[in-house]
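Remarks on the structure that follows.
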Amino acid sequence: MKFHLLTIFPEFFHGPMDHGVVARAAQRELIEIKVHNLRDWTYDFHKTVDDRPFGGGEGMVMKPQPLFEAVEAILPGRDPARQRVALMSAHGPLFGQRKARELAGFEEVLLICGRYEGVDERVGMHLADEEISIGDYVLSGGELAAAVVVDAVARLLPGVLGNQDSSLQESFSEDEDGQDGILDCPHYTRPADFRGLRVPDVLLAGNHAEIRKWRRQAAIEKTRRLRPDLLDR
Ligand code: 9D3
């Protein structure tokens, strides 16, 4: 799978993708991450990507022309069955495990990262296939959000995760109906007594049927405590 990141801050992505699962997937050529500088599709001396809002008001708006030309150059003769273009936007539907799985089905995903007060509406309506927000809080731009999407999608691709942590049995895994699951069970490692905080005895005793039962129950209780919204649906 090939990820394209379109941004005015290409250096932003030097770092976040260079560690752990995502970096290893890129080294093994299971994924390819191409960062594109939006200013490459400007023609004026100052490489202008923004302009003042029609109708007046505060702040600047990203111009449609560099964004349209960039996407058309990066994905020429774009095939909507194999390639997806998403505008990272605070106003998009919320990104979740279900959307991550959906994006993992495409051969190429291009994430447009906005800056300034916003992006010309025609980009969301007529250039991108969809808009994606990673949560109801205000970020300074789409770059951090795009890195989140790349990470969540990459780890779902065949061969990316080791047998260590299969993506099947983890927090927010979906059941067969595509419903959101519950949280993962609690995990403990040595020592069995850390400053008087004891690991549950059942995990030390080695009865694997009992351990399975305990983990199922503990996962439900943890979900009730931390994410009750996942249960009452
Ligand atoms: C200050 C202007 N905001 C009005 C309250 C609107 C606004 C414009 C631009 C809010 C955020 C942004 C920049 N954010 C993103 O580009 C963004 C984002 C986000 O802010 N939250 C969650 N997901 C995303 S994806 C892209």
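Gly96 meets the stated requirement of being in contact (Cβ under 8 Å) with a residue 40 or more places away in the chain, within 16 Å of the ligand (Cβ to nearest atom), within 24 Å of Leu30 (Cα to Cα) and open to solvent by 20 Å² or more (accessible area, probe 1.4 Å). Being loosely packed, with under 15 Cβ neighbours inside 10 Å and hydrophobic (A, V, I, L, M, F, W, C) is the requirement here; does Phe54 meet it? When the stated conditions are applied, Phe54 passes them.
For segment 101-146: of the residues being in a loop (DSSP other than H, G, I, E, B) and of a type in the set (Val, Ile, Thr), which is surrounded by the fewest Cβ atoms within 10 Å (Cβ to Cβ)? Of everything passing the filter in segment 101-146, Val138 is surrounded by the fewest Cβ atoms within 10 Å (Cβ to Cβ). Scanning segment 51-100 for residues that are of a type in the set (A, V, I, L, M), more than 25 Å from Gly135 (Cα to Cα) and assigned to a loop (DSSP other than H, G, I, E, B) turns up Leu75, Ala81.
When Val148, Val160, Val153 are screened for being out of contact with any His (no Cβ under 7 Å at 6 or more places or on another chain), within 12 Å of the ligand (Cβ to nearest atom) and at pLDDT 95 or above, only Val148 passes.
Going by the structure shown, is Lys47 within 16 Å of the ligand (Cβ to nearest atom) and either over 14 Å from the mean Cα position of the chain (by Cα) or in contact (Cβ under 8 Å) with a residue 24 or more places away in the chain (or both)? Against the criterion (within 16 Å of the ligand (Cβ to nearest atom) and either over 14 Å from the mean Cα position of the chain (by Cα) or in contact (Cβ under 8 Å) with a residue 24 or more places away in the chain (or both)), Lys47 does not qualify.
If you go through segment 63-79 one residue at a time, do you hit one that is of a type in the set (Lys, Arg), under 20 Å from Ala154 (Cα atoms) and within 16 Å of the ligand (Cβ to nearest atom)?
No, segment 63-79 contains no residue that is of a type in the set (Lys, Arg), under 20 Å from Ala154 (Cα atoms) and within 16 Å of the ligand (Cβ to nearest atom).
Is there a residue in segment 117-136 that is more than 7 Å from the ligand (Cβ to nearest atom), among the basic types (Lys, Arg) and in contact with a strand residue (DSSP E or B) (Cβ under 6 Å, 6 or more places away or on another chain)? Checking segment 117-136: not a single residue is more than 7 Å from the ligand (Cβ to nearest atom), among the basic types (Lys, Arg) and in contact with a strand residue (DSSP E or B) (Cβ under 6 Å, 6 or more places away or on another chain).
The values are calculated or read from the model by the stated rules, or taken from the named source; none is laboratory data. Note that the structure is a prediction, hence the values are computed from the model and not measured. So basically every Cβ, Gly included, is an ideal-geometry build from the backbone, and we count neighbours across all protein chains shown. For accessibility, only protein heavy atoms count, side chains too; no ligands or nucleic acids. Shrake-Rupley method; radii C 1.70, N 1.55, O 1.52, S 1.80 Å.
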